[in-house]
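The values are calculated or read from the model by the stated rules, or taken from the named source; none is laboratory data. Note that the structure is predicted; figures quoted are calculated from it, not measured. Backbone-built Cβ (ideal geometry, glycine too); neighbour counts: all protein chains shown. We work out accessible area using only protein heavy atoms, side chains counted, and drop any ligands, DNA or RNA first. Shrake-Rupley method; radii C 1.70, N 1.55, O 1.52, S 1.80 Å.
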Amino acid sequence: MPITAGAGHTASEFVYEQLRRKIFEKSLTSGQRLPEVAIAKEMNVSRTPVREALRRLESEGLVQIVPGWGACLTSPTRQEIIDTYEVRETLEIMAVRKAARRITPLQLCLLQEQINAEREIFIKKDLESYLKVNDEFHIIIAESSGNSTLAGYVRNILSRIFVQMIFFESFFDFDTNPSLEEHITILEALKAHDEEKCAALIKEHLKISMEGLKAK
């Protein structure tokens, strides 16, 4: 039985939200083809809103559209993950070193708020929200560096990793949040303005995060 758009949704928005939900719930798999005709039939819409939704997902890095072939889910490789983390490590170590010297009480409070939110979201097993709050923790540190260009690069690399982790994450295979205690320790080092310890903790944190990823 086809599903239909609810009140307040355009057909394109409806298709976009349905496909995005399926991606995060992993009912669609990495590299899977997304044929417009089949999707339109399933969701009881024309092909135009399907095409618009796929383009929107492409802009977010979740879908690849190949002219003459069609659309499929992004399929990041493990080597791409490793390469991206290599760049991320360099950027974040630079950011946390600068942040350790100049972070403000307000910024420390913002980091504590992210830790509190992370704890609650992990219990709910909400992947998208978890990844967002996790990223925000690192973005606040980057912004605390006082270098807006560096913070921009960190945001960009986290956006790329966000997509990769949707297909490779393994956080919820654990009974406890593997990154929470690491974030708490990093926050304590920032409170102490211990630059060397902050750099070492971020490096170890990212190493553990990358090694914990596995293909689904």
* To do: Among the residues of region 140-173, count how many are touching a Gly at 6+ places or on another chain (Cβ under 9 Å) and either at pLDDT 95 or above or not in a helix (DSSP H, G or I) (or both).
  => 3
* Residues being closer than 16 Å to Val163 by Cα and open to solvent by 70 Å² or more (accessible area, probe 1.4 Å) - total across region 65-86 -> 4
* Among the numbered conditions (1) farther than 21 Å from Lys26 by Cβ; (2) part of a helix (DSSP H, G or I), tell me where Asn134 comes up short. => (1)
* Considering Leu180, Leu190, Leu131, which residue is loosely packed, with under 15 Cβ neighbours inside 10 Å, modelled with pLDDT of 80 or more and farther than 15 Å from Arg88 by Cα? -> Leu180
* From (1) part of a loop (DSSP other than H, G, I, E, B); (2) open to solvent by 20 Å² or more (accessible area, probe 1.4 Å), pick out the condition that doesn't hold for Ser12. => (1)
* Which ones in region 46-64 are assigned to a helix (DSSP H, G or I), modelled with pLDDT under 95 and open to solvent by less than 20 Å² (accessible area, probe 1.4 Å)? -> Leu57
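Residues are listed down the side, and each one gets a yes or a no for (1) touching a Ser or Thr at 6+ places or on another chain (Cβ under 8 Å); (2) without any contact (Cβ under 8 Å) to a residue 40 or more places away in the chain; (3) among the hydrophobic types (A, V, I, L, M, F, W, C):
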residue	(1), (2), (3)
Gln32	no, no, no
Ile39	no, yes, yes
Val66	no, yes, yes
Gln79	no, yes, no
Thr90	no, yes, no
* Pairs, first more than 18 Å from Gln107 (Cβ to Cβ) in region 189-207, second among the basic types (Lys, Arg) and buried (at least 20 other Cβ atoms within 10 Å of the Cβ), C-beta under 8 Å, six or more apart -> Leu206/Arg88
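Could you tell me how many of the residues in region 30-45 are in a helix (DSSP H, G or I) and open to solvent by less than 30 Å² (accessible area, probe 1.4 Å)? Break it down stepwise before answering.
Looking only at region 30-45, we keep the residues that are in a helix (DSSP H, G or I), and these are 36-43.
If we keep only those that are open to solvent by less than 30 Å² (accessible area, probe 1.4 Å) as well, we get 39-40, 43.
Within region 30-45, residues that are in a helix (DSSP H, G or I) and open to solvent by less than 30 Å² (accessible area, probe 1.4 Å) number 3.
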* Does Ile121 count as in a helix (DSSP H, G or I), in contact with a Ser or Thr (Cβ under 8 Å, 6 or more places away or on another chain) and either among the aliphatic types (A, V, I, L, M) or closer than 15 Å to Cys198 by Cα (or both)? -> yes
